[in-house]
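This is the structure I have questions about; it appears just below.
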Amino acid sequence: MFRRLTIISCCALAGYALGRWLSAPAVSHPPPLVTEQSAASPSSVPPAKIPPPARAGRATFAELYLSLRTYSPEEQASYLHSILALPAGPDRRAALTAFFQCLASINSHAAAALISQVTGNDDIQRSALAILAATPAPETPVLVDMLLGLSADIDPKWRAQKLRGQVSFWAAMDPSAAAQFADQHRSDYPELVTSEIIEYLAAADPAAAARWMAEHPDVTQDSDVVINYIHGLYQHDPAEARRYLLDHSGEKATQEALGSFARVTFFHSAEDSAEFVKSLPTKEARAAALAGISDINADLFANKETDRTNLYAGLAEWITKFPPGEWPNNMSSFLDRWRRLDPEGSIAWMAQLPSPARGAAAVELSRTISPGDLKQILATAPGEFSREIATTFLGSLQFDPAERKAIIESLGLSPEEAARLSIPPQ
């Protein structure tokens with residue numbers, strides 16, 4: 001991620017678009033069943049003839065919607081019972097879905113209340129999914145209450161999955177309420193405490209997020225939680241996110257967050273990212289931060305002006321400004337990706353590095369190549385680097401003497417060079 005490249009200049013912090021098919025928290029006291037929509041006078045709505053229950057799934061949405069909208073709660077319940085009385089089959093399933101989709105569009109509270117009259121896991125899931133899909137986003141707490149109140153017939157794993165999704169969705173709109181709800185129900189649904197809640201809370205109210213982290217020391221051992229917490233802080237105040245990482249850089253759960261923060265900072269300013277890495281107190285922390293840079297997918301940033309080859313060269317130039325002892329653990333895979341993309345250019349670039357960076361690059365590269373790769377590299381690598389990579393490759397692997405001899409012979413070296421490499425390292 002480091003380097004003074006102007007190659008990668010823009011990137012946005014990813015905001016999580018959480019689908020409505022997951023699920024969310026509820027309020028302790030649900031709003032009244034009557035909404036502005038349902039309070040509209042039936043006389044103001046043109047009368048419409050409701051389709052027979054068996055045809056409800058094949059009727060147009062408008063036909064069923066306008067009919068249900070004029071029905072009283074008792075009439076809506078009676079129509080649902082007529083659908084439930086249908087024989088099992090596609091007509092019944094389609095009618096059940098259509099009924100709850102239309103009713104949730106009219107009055108989500110009424111739909112959530114009527115689902116209690118549905119039995120059987122399959123019917124409950126079908127009805128709940130229809131309500132989840134049709135309910136307006138601001139009424140997410142209604143959906144959470146609905147999921148909590150579903151019959152015991154429902155698959156508990158399915159309920160927990162939907163609850164988690166809706167709580168995460170709720171957190172995007174009201175992180176404080178979502179976090180409070182997750183805490184209240186943590187004993188029954190520990191999975192509700194999601195990293196998404198922490199991110200949204202940190203972005204909206206860093207002080208509240210800091211208190212929450214302090215009150216949940218077990219959760220702060222989860223690297224995903226820490227990464228999302230840092231992302232949230234970064235959205236509110238990048239300097240505050242940086243201070244947290246510097247203060248906690250030695251903690252295991254923070255290591256991945258170091259790379260994530262360095263990468264995001266790099267997208268905005270390579271110089272700022274380099275300054276952040278240099279400010280970390282240990283070489284292990286600096287290596288963890290650099291891993292976030294070397295892990296960048298250059299394919300995402302290639303364009304007509306800057307191709308992947310130049311992007312890799314720029315990233316390599318930026319990373320190798322740091323001492324080899326601080327290079328990231330994934331440096332070998334990074335150099336190998338670049339070599340496969342640009343065999344001649346990457347080797348020529350590594351060969352011109354000053355010592356000891358050149359020798360370190362040879363060590364990193366030798367970890368990922370095969371004897372066939374080595375032969376190709378030696379065909380283009382300048383003299384000194386050619387000797388370093390060959391020596392490192394043969395010295396790093398435990399070949400038996402016969403295999404070592406066969407590999408050396410396959411390289412097509414001069415007799416002098418072959419003789420030198422034939423001597424096993426001491």
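The values are calculated or read from the model by the stated rules, or taken from the named source; none is laboratory data. Note that this is a predicted model, so its numbers are computed, not measured. Note that we place each Cβ from the backbone using ideal geometry, even for glycine, and neighbour counts take in every protein chain shown.
Does the stretch 140-148 contain at least one residue that is part of a loop (DSSP other than H, G, I, E, B), on the phi < 0 side of the Ramachandran plot and either in contact with a helix residue (DSSP H, G or I) (Cβ under 8 Å, 6 or more places away or on another chain) or at pLDDT 95 or above (or both)? Quick ask: steps written out before the conclusion?
Residues of the stretch 140-148 that are part of a loop (DSSP other than H, G, I, E, B), as a first pass: none.
Looking for residues that are part of a loop (DSSP other than H, G, I, E, B), on the phi < 0 side of the Ramachandran plot and either in contact with a helix residue (DSSP H, G or I) (Cβ under 8 Å, 6 or more places away or on another chain) or at pLDDT 95 or above (or both), one finds none in the stretch 140-148, hence no.
Show the residue pairs meeting these rules: Cβ distance below 6 Å; 6+ apart or different chains; first residue within the stretch 333-345 and without any contact (Cβ under 8 Å) to a residue 40 or more places away in the chain; second residue crowded, with 21+ Cβ neighbours inside 10 Å and among the aromatic types (Phe, Trp, Tyr).
Taking only residues 6 or more apart or on different chains, the pairs are TRP338/TYR312.
Here's a follow-up. TYR229: surrounded by 15 or more Cβ atoms within 10 Å (Cβ to Cβ), closer than 19 Å to ALA203 by Cα, without any contact (Cβ under 8 Å) to a residue 60 or more places away in the chain and over 20 Å from the mean Cα position of the chain (by Cα), yes or no?
Considered against the rule, which asks whether it is surrounded by 15 or more Cβ atoms within 10 Å (Cβ to Cβ), closer than 19 Å to ALA203 by Cα, without any contact (Cβ under 8 Å) to a residue 60 or more places away in the chain and over 20 Å from the mean Cα position of the chain (by Cα), TYR229 comes out as no.
Being at pLDDT 90 or above, surrounded by 20 or more Cβ atoms within 10 Å (Cβ to Cβ) and farther than 22 Å from VAL144 by Cα, is that true of even one residue in the stretch 173-182?
Among the residues of the stretch 173-182, not one is at pLDDT 90 or above, surrounded by 20 or more Cβ atoms within 10 Å (Cβ to Cβ) and farther than 22 Å from VAL144 by Cα, which makes the answer no.
Criterion first (more than 26 Å from ARG340 (Cα to Cα), out of contact with any strand residue (DSSP E or B) (no Cβ under 6 Å at 6 or more places or on another chain), surrounded by fewer than 19 Cβ atoms within 10 Å (Cβ to Cβ) and modelled with pLDDT under 85) does ALA419 satisfy it?
Yes.
Could you check, for the stretch 367-376, whether at least one of its residues is aliphatic (A, V, I, L, M), touching a helix residue (DSSP H, G or I) at 6+ places or on another chain (Cβ under 7 Å) and farther than 30 Å from GLU271 by Cβ?
Scanning the stretch 367-376, I find at least one residue that is aliphatic (A, V, I, L, M), touching a helix residue (DSSP H, G or I) at 6+ places or on another chain (Cβ under 7 Å) and farther than 30 Å from GLU271 by Cβ, so the answer is yes.
Mind checking which residues of the stretch 171-187 are out of contact with any Leu (no Cβ under 8 Å at 6 or more places or on another chain), within 22 Å of TRP158 (Cα to Cα) and in a loop (DSSP other than H, G, I, E, B)?
SER187
So, in the stretch 266-277, exactly how many residues are assigned to a helix (DSSP H, G or I) and either without any contact (Cβ under 8 Å) to a residue 12 or more places away in the chain or among the acidic types (Asp, Glu) (or both)? Break it down stepwise before answering.
The first filter runs over the stretch 266-277 and keeps only residues assigned to a helix (DSSP H, G or I), leaving 266-268, 270-277.
With either without any contact (Cβ under 8 Å) to a residue 12 or more places away in the chain or among the acidic types (Asp, Glu) (or both) added as a condition, the list becomes 271-272, 275.
Result for the stretch 266-277: 3.
Here is a check on your reading of the model: is LEU147 out of contact with any strand residue (DSSP E or B) (no Cβ under 6 Å at 6 or more places or on another chain), buried (at least 19 other Cβ atoms within 10 Å of the Cβ) and closer than 25 Å to THR194 by Cα?
When the stated conditions are applied, LEU147 passes them.
Is it the case, given these coordinates, that ALA351 is over 19 Å from ALA291 (Cα atoms), at pLDDT 90 or above, within 42 Å of the chain's Cα centre (by Cα) and crowded, with 19+ Cβ neighbours inside 10 Å?
Yes, satisfied.
Counting residues that are at pLDDT below 90 and of a type in the set (Phe, Trp, Tyr), which helices (runs of 4 or more DSSP H) fully inside the stretch 188-244 reach at least 1?
So the answer is 206-215.
So, one more: I'd like the residue in the stretch 291-316 that is under 20 Å from the mean Cα position of the chain (by Cα) and of a type outside the set (Gly, Ala, Ser) and, out of all such residues, is nearest to GLY259 (Cα to Cα).
ILE293
On to the next question. Which ones in the stretch 140-187 are without any contact (Cβ under 8 Å) to a residue 60 or more places away in the chain and within 27 Å of TYR65 (Cα to Cα)?
GLY149, LEU150, SER151
A further question follows. How many residues are in contact with a helix residue (DSSP H, G or I) (Cβ under 6 Å, 6 or more places away or on another chain) and surrounded by 15 or more Cβ atoms within 10 Å (Cβ to Cβ) when one looks only at the stretch 395-414?
3
I'd like to check something: does the stretch 19-41 contain any residue that is surrounded by fewer than 17 Cβ atoms within 10 Å (Cβ to Cβ) and either touching a Leu at 6+ places or on another chain (Cβ under 9 Å) or modelled with pLDDT of 55 or more (or both)?
yes
In addition: Does the stretch 126-138 hold any residues that are within 27 Å of the chain's Cα centre (by Cα) and buried (at least 16 other Cβ atoms within 10 Å of the Cβ), and which are they?
ALA128, LEU129, ALA130, ILE131, LEU132, ALA134, THR135
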